[in-house]
1. Quick one: what do you get for region 533-675 if you divide its Cα Rg by 2.2 N^0.38 Å?
2. Filter the chymotrypsin sites (Phe, Trp or Tyr not before Pro) in region 314-375 down to the DSSP loop ones having no more than 14 other Cβ atoms within 10 Å, then list what survives.
3. Report the full-extension gain for the segment R80 to R436: residue separation times 0.36 nm, less the Cα-Cα distance, to one decimal in nm.
4. Which value, in debye to the nearest 20, gives the size of the charge dipole of region 27-128 about its Cα centre, when Lys and Arg are +1 and Asp and Glu are -1 at the Cβ?
5. Work out Dmax and Rg for region 319-371 from the C-alpha atoms and quote the Rg first, both in angstrom.
6. Starting from the Cα of R70, step 7 Å along the direction of its Cβ; do the same at K398; then give the gap between the two resulting points in nm.
7. Using a cut-off of 25 Å between alpha-carbon atoms, which lysines can reach K85, once sequence neighbours fewer than 8 places away in the same chain are excluded?
8. What is the distance in Å between the Cα centroid of region 26-85 and that of region 313-378?
Amino acid sequence: MARPGQRRNGARRSAPRNQRRVRDGDVIAELARAVREVEAAVQRGRVTPSVRTKFQAIALLMREQHAQVRADETSSAAHRAEQLKRLDGVATILAKTAVRDSGLLGLLAEDAVVTEAARSLVREMLRDVGVEPAPEEIAEPEPLDVPAVPERRVVPQSVVARQLANPFLAPDFSAAPQRPVRPRRLAGWELLGPLLRSFERAGSGEPACMALPAPTSLRAAGGRQLMPHQAQLVAAAADGHRTFLLADEPGLGKTAQALLAAEAADAYPLLVVVPNVVKTNWAREAGIWTPHRPATVVHGNGDTIDGFADIVVVNYEVLDRHVGWLGDFGFRGMVVDEAHFIKNKSSQRSQHVLEISERIRARTTRPLLMALTGTPLINDIEDFLTIWQFLGWIDDSKPLGDLMEALEDTGLTPADPGFYAAARRAVIDRGIVRRRKVDVAADIPARRVADLPVELEGAAGRSIRAAERELARRMVARYETAIAARSSDDGADGIDLELVRRIARAELKDATAGEAGENVFSMMRRLGQAKAGLAADYAAQLARSAGKVVFFAKHVDVMDAAEESFTRQGIRFSSIRGDQTSTARQRNIDAFVKDPDVAIAVCSLTAAGVGLNLQVASNIVLAELSWTDAEQTQAIDRSHRIGQSEPVTAWRIIAAQTIDARIAELIDSKAGLAARALDGSDEEVQSSADVQLEALVSLLSDALADRS
């Protein structure tokens, strides 16, 4: 791509009449104009496919310009700073616009699919300001199953130095087991489906945890005390076990267990892949539990990392540019924190994690591989599959290695009645470790979720109730149109529940695509805005009477409204958000934890709901509902964890007589998927229902019942 300011060869084409004047070569001005147009369209509720395309094009071009400005050594430092400031302004508008619509927010994800329409619009925007896009290269067809190498891949200079210092580093196959060759009785059977069903059919009381040895010591470096359940896992690693799905309930110290297991297994260098919000915390924890093992954190292109460190911490969002050297670095261990982040195997982050783990297993016969998550199942029993593949238990189609051997040793096939219990046991023995707080940390006080119904009064309440009626009316009209289109002899008495679900699916599809008017996503956002003041007032009362409070919200504007309320009331607070740098986030966390005058932590449900330790507070206010019980539980467990000395109460603010109450009931009814699958239950596990869909089904069913 040509640099900003470079003219195209030949005369410029004239701009359309309705296009604002933009200086030749001023790409940032074009971005500012375009992002304002998108912002205005979203504010009007007109999120059409063309608006979505323009939104994605702006995001793409903004990132390119940001990289070009930073790399431009011909400009003065002052000029680059000015340009970066202008780009930050565009980014701010883009982010504020995205949170208004979930469909737009998804386009900013690292694994979002970039459409050809967006790429074409980027080229058109460049030409409109007189910048000729770089000619598109026509790639040669790639061999099947060979992934394309991302353009942004980098190799930090410190890593190059390490590689030069160890030029003869060879793969380690010294511990390769010698497997006897024997006939494969199960070779013709499809086994992944039965393995999943073995967890669905788990009976009450069946074990959810592999057999663990007695702890050899309850002391770690510096004399720190381990709990018995933590020391058991470390002892298992010391005994030679090398793959773990560590699914302890949140708050039971999985980070410490992983670091000490790596120490026991001598699994260095160790790669730790984590969400961005906790990568600084991982480095701090490494300094506490394994202080003699230097840790380094990968930021951006990795310019500041220590290539000779024993522990390398990297976040999912930058894996794409580092996956190349990470696979060849010589890691002897890999930890994936919040492993439910890789449940979608088609996402880039999942593919990168699987690629790195496969390359580590190819170089080191028995590496330490650990998947950490307190909520291994979010939506469906199939969430297990990518985690199992990361651990090397399965591939795309079949069990591998020790798991296949264990299934062969059962002497059973999926046609035999005893196969499912034996298969579940075989998987668990590969390294599933699941402990509950009630069993291993009885000294942690109880927790409870208390619903606080609030009445939405005034114009906001009337508007929300009117919007809900309009949403129901629109779906009823669709339903009646479909019924009327049927022939006279295929009608049925009562409500056609299958048709109700089809109408709800169509409505949800339109809402996700941004083509509907008022929809379930925009209504939940408006409900959050309407509840913000009430939730903030309640949090302020708790802070005055009961001590520190954690306030969770899903949307930025709800957090903003709460913080404005706390400021008016003279209450000091910390703000923990996803758009902060790691340093700023940690500074705010420390302020809440250590400063007695900071009474409230205002937290993003998505950015602060994982990996943080906020046990200094025992009261939590959930100002907005999550879409899953797992996300809600993760947030609560920021306080309900080891070290908590008081009972924890999560106060869930519910807008009475609205769709908010319906969604709360649906979330509660679908809770506990992981507990049922892992801890054993007489109830067969079903897929976690799509809460948005079920809410629409409930709304339409009630509206039709009221008309009959």
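Since every read-out is calculated from the coordinates, none of them should be taken as a lab result. Just so you know, these numbers come straight off a predicted model, no measurement behind them. No Cβ is skipped: glycine too gets one built from the backbone with ideal geometry, and neighbour counts run over all protein chains shown.
1. Region 533-675 yields a ratio of 1.00.
2. Here no chymotrypsin sites (Phe, Trp or Tyr not before Pro) fit, given the DSSP loop and packing criteria.
3. Length difference between fully extended and current span is 122.9 nm.
4. That gives a dipole near 340 debye.
5. 10.6, 27
6. It works out to 4.6 nm between the two label points.
7. Cα-Cα hits under 25 Å: K54, K96.
8. 32
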